[in-house]
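Asker: Just passing along the structure, written as structure tokens.
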Amino acid sequence: MERSRIAVAGASGLIGGALVRSLTGDGHEVVRLVRHEPRSKNEVRWDPEGKRVDAAGLAGCDAVVNLAGAGVGDRRWTDTYKARIRSSRVLGTTALAEAIAALDERPRVFVNGSAMGYYGETGDRVVDEDAPAGSGFLPEVCVEWEGAAAPAQAAGVRTAFVRTGLVVARGGGAWGKLFPLFKAGLGGRMGDGCQYWSYVSLHDEVAAIRHLIDTDGLSGPFNVTAPTPLTNREITAAMGRVLHRPTLFTVPAPVLRTVLGEMAGDVLGSARVVPKRLLESGFTFAFPDIEAAIRAA
């Protein structure tokens, strides 16, 4: 890919930060969308929940990537926090999509965040991008989140949705909480451990986003998950093998529900999601199996 100018919303997050490092490391110019007054020419002011963005700062960008949104696992899901999870994604995406559509010279691609939460509870059923949305809070948010990109799509901008799985990384996300527990010998399965977890290494997550930016013709939803989802029990065993720690502890489902509230459903729920369209597009995973992904992290 030739040197490009790429705008990134959510650049301070786990995935966004890794994406920015990857892009700048390869010589691309990255424009960060920030909430504060811009401190450099490579910062653009925006207010996602106020649906405001300095559209002039997006002029000349080859691509816009939106990964912004309040962390789903950052705190207990009160009604107030659930409203923030929804608004930070839907309103921010609306602001960006409308700003992109209003530009005289539009970017060639808009890569917008989403999540495997789109499918909800799938049990042991394998689902790809052809599967319908599930029911419940997260599927509803994902449907609205993707739908908010409509202005950019209507303006003819190629738009791709990244339905991300559980990111295996040391610095944040679900695994950011799991690693300290397992290293301390306190790790174990959650509930009965039979629920499927669809994971992806941070390296492959970033590589997939770059693949969607670079590859003309790729639009619509893409599951960004490793090719072989595993059960929580299998992942727990792999964590123990890689970290050389026992995995004797079990967190019973009732305890998780008491501690986490409604969010426990996301931990105990099963999502057997596969990256059919990503593989068909020619993407190759560097860390396709769980032990490799854990070691990479």
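The values are calculated or read from the model by the stated rules, or taken from the named source; none is laboratory data. None of these values were measured; they are calculated from a predicted model. For neighbour counting, all protein chains shown are included, and Cβ atoms are generated from backbone atoms with ideal geometry for every residue, glycine included. Surface areas here come from the heavy atoms of the whole protein model, side chains and all, with no ligands, DNA or RNA. Shrake-Rupley method; radii C 1.70, N 1.55, O 1.52, S 1.80 Å.
Asker: Which of the residues spanning region 280-297 are in a helix (DSSP H, G or I) and more than 23 Å from F182 (Cβ to Cβ)? Even if it seems obvious, please write down each step before you answer.
Answerer: So in region 280-297, the residues in a helix (DSSP H, G or I) come out as 280, 290-296.
Within region 280-297, just E280 meets the criteria.
Asker: Go through region 186-198 and give me each residue that's assigned to a loop (DSSP other than H, G, I, E, B) and open to solvent by 20 Å² or more (accessible area, probe 1.4 Å).
Answerer: Step one: filter region 186-198 for residues assigned to a loop (DSSP other than H, G, I, E, B), giving 186-187, 191-195, 198.
Within region 186-198, L186, D192, C194 qualify.
Asker: Among what's in region 1-39 and is among the basic types (K, R) and modelled with pLDDT of 95 or more, pick the residue that is farthest from T164 (Cα to Cα). Outline the logic, then answer.
Answerer: Of region 1-39, the ones among the basic types (K, R) are 3, 5, 21, 32, 35, 39.
Add one more test, that the residue is modelled with pLDDT of 95 or more, and what stays is 5, 21, 32.
Details: R5: 24, R21: 19, R32: 21 Å.
The selected residue is R5.
Asker: Just the residues that are under 27 Å from R45 (Cβ atoms) and either touching a Cys at 6+ places or on another chain (Cβ under 9 Å) or open to solvent by 20 Å² or more (accessible area, probe 1.4 Å) (or both), please, taken from region 104-143.
Answerer: D104, E105, R106, P107, R108, S114, A115 - these are the residues of region 104-143 that are under 27 Å from R45 (Cβ atoms) and either touching a Cys at 6+ places or on another chain (Cβ under 9 Å) or open to solvent by 20 Å² or more (accessible area, probe 1.4 Å) (or both).
Asker: Looking at V206, V259, which one is surrounded by fewer than 16 Cβ atoms within 10 Å (Cβ to Cβ), hydrophobic (A, V, I, L, M, F, W, C) and either modelled with pLDDT of 95 or more or assigned to a helix (DSSP H, G or I) (or both)?
Answerer: V259
Asker: I'd like the residue in region 209-230 that is farther than 22 Å from L243 by Cβ, among the small types (G, A, S) and out of contact with any Ser or Thr (no Cβ under 6 Å at 6 or more places or on another chain) and, out of all such residues, is most open to solvent (accessible area, probe 1.4 Å).
Answerer: Only one residue fits best here, namely G217.
Asker: A further question follows. Which of the residues spanning region 231-250 are assigned to a strand (DSSP E or B) and surrounded by 17 or more Cβ atoms within 10 Å (Cβ to Cβ)?
Answerer: Taking region 231-250 first, the residues assigned to a strand (DSSP E or B) are 231, 249-250.
Within region 231-250, T231 is the sole residue that qualifies.
Asker: Let me ask something else. If we keep just the residues of region 198-233 that are hydrophobic (A, V, I, L, M, F, W, C) and within 14 Å of I294 (Cα to Cα), which is farthest from the chain's Cα centre (by Cα)? Break it down stepwise before answering.
Answerer: In the first step, residues of region 198-233 are kept if they are hydrophobic (A, V, I, L, M, F, W, C); the result is 200, 202, 206-209, 212-213, 218, 222, 224, 226, 230.
With within 14 Å of I294 (Cα to Cα) added as a condition, the list becomes 200, 202, 226, 230.
Working: V200: 10, L202: 10, A226: 13, L230: 19 Å.
Selected residue: L230.
Asker: Tell me which residues, restricted to region 166-178, are of a type outside the set (K, R) and either at pLDDT below 90 or open to solvent by 10 Å² or more (accessible area, probe 1.4 Å) (or both). If you could, list the steps in order and put the result at the bottom.
Answerer: Initial filter on region 166-178 (of a type outside the set (K, R)): 166-169, 171-176, 178.
Matches in region 166-178: L166, V167, G171, G172, G173, A174, W175, G176, L178.
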